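For reference, the structure discussed in these notes is given below.
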Amino acid sequence: MHQTTDATTSAVGFDHVFKAFVSQGRRGEPVLALQDVAFEARAGEFVSLVGPSGCGKSTCLNLLAGLDTPSDGTVSHRGSPVRGVNTAVGYITQDDNLLPWRSLRGNVELSLEFRGVPRRERRERAQELIDLVGLGGFEEHYPHELSGGMRKRGGIIRTLVYDSDVVLMDEPFGPLDAQTRVILQAELLKLWHRARPTVLFVTHDLVEAIALSDRILVFTANPGRVKREYTVDIPRPRDPFHIHDAPGFAELYDALWDDIRAEIGQAAR
């Protein structure tokens, strides 16, 4: 059963968050990665984080996952501060991270095994998602026998089968070719509509951000902070294959690119 969050409570909250790292290349001087970052994501909302490289987008995901701690401010999940590793969220990275010694089915069922879900139930839940992303017939194949796109689908459904109410995605389609990216964007929207988790999605692809998101947060160049927020008013369901034709797409793309181009120019000075 998918966990739901009260619509009156933010699923994700960043309250004046700062994050500094110690840089070995600067004689141990702290480097500020995030500066006064404040935003919320509501239950079931798809929010993309975009901005120049090195602006702290991935750091935001790591803070919410509890893999790192803020230097100041509060990161919250379901209204409670994140303290320690946050196993209640799902995290999908650029790498599929499939275990090479387990079949596709075995990989997808892994998180359910950790939860102690009975074998028959986890088999049914895994099969539902395997079929949903068009991998039926490949259940017993091992990762080395699957294409890059197939492995990526396997990695995504392995996380989503866990039914986390919040899913973090850090450029999950970055290493893939353009055609496979669009196919997987469509698959992701199908999976997201099925259970409607809150998604924080890091990407450098503005077309991808528009195709997937309810809102897009533009980050400044380092140190990262939220420069501007855009609402994507393109109706759902959306077709990533023809998103360029949607009313309002060109205007939104141009506004996003103008913001990011200004930040890239600022960082280069």
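Nothing in this text is a laboratory measurement; each read-out follows from the coordinates by a stated rule. Not measured: the values here are computed from a predicted model. Here the Cβ is made from the backbone with ideal geometry for all residues, glycine too, and neighbour counts use every protein chain on show.
What chymotrypsin sites (Phe, Trp or Tyr not before Pro) does the range 37-113 have in DSSP loop regions with at most 16 other beta carbons within 10 Å?
Those satisfying the criteria are TRP101.
Nearest 10 degrees, 0 to 90: what angle lies between the long axis of helix 249-268 and the longest principal axis of the chain (Cα atoms)?
That helix lies at roughly 60 degrees to the long axis.
How far, in degrees from 0 to 90, does helix 178-195 lean away from the longest principal axis of the Cα atoms of the chain, to the nearest 10?
With rounding to tens, the tilt is 80 degrees.
What's the exposure ranking of HIS193, HIS141, HIS77, going from fewest to most Cβ atoms within 10 Å?
With the fewest neighbours first, HIS193, HIS141, HIS77 line up as HIS193, HIS141, HIS77.
Kindly provide the GluC sites (Glu not before Pro) of the range 109-192 that DSSP labels as loop, not H, G, I, E or B, and whose Cβ sees at most 14 other Cβ atoms within 10 Å.
Of the GluC sites (Glu not before Pro), the ones in loops of the range 109-192 whose Cβ has at most 14 other Cβ atoms within 10 Å are GLU140.
What's the exposure ranking of SER10, SER80, going from fewest to most Cβ atoms within 10 Å?
SER80, SER10
In the range 74-142, which trypsin sites (Lys or Arg not before Pro) fall in coil by DSSP and have 15 or fewer other Cβ atoms within 10 Å?
Passing both the DSSP loop test and the Cβ count: ARG83, ARG102.
So how do MET150, MET169 line up by other beta-carbon neighbours within 10 Å, fewest first?
Result, fewest neighbours first: MET150, MET169.
Length gain on complete extension for the stretch TRP101 to GLU229, per 0.36 nm per residue less the alpha carbon to alpha carbon distance?
41.8 nm
As a test of the formula, what do you get for the chain when each DSSP H run with n ≥ 4 contributes -39,500 (n - 2.57) and the sum is divided by the residue count, at 222 nm and rounded to the nearest 500 deg cm²/dmol?
Result for the chain, helices only: -10500 deg cm²/dmol.
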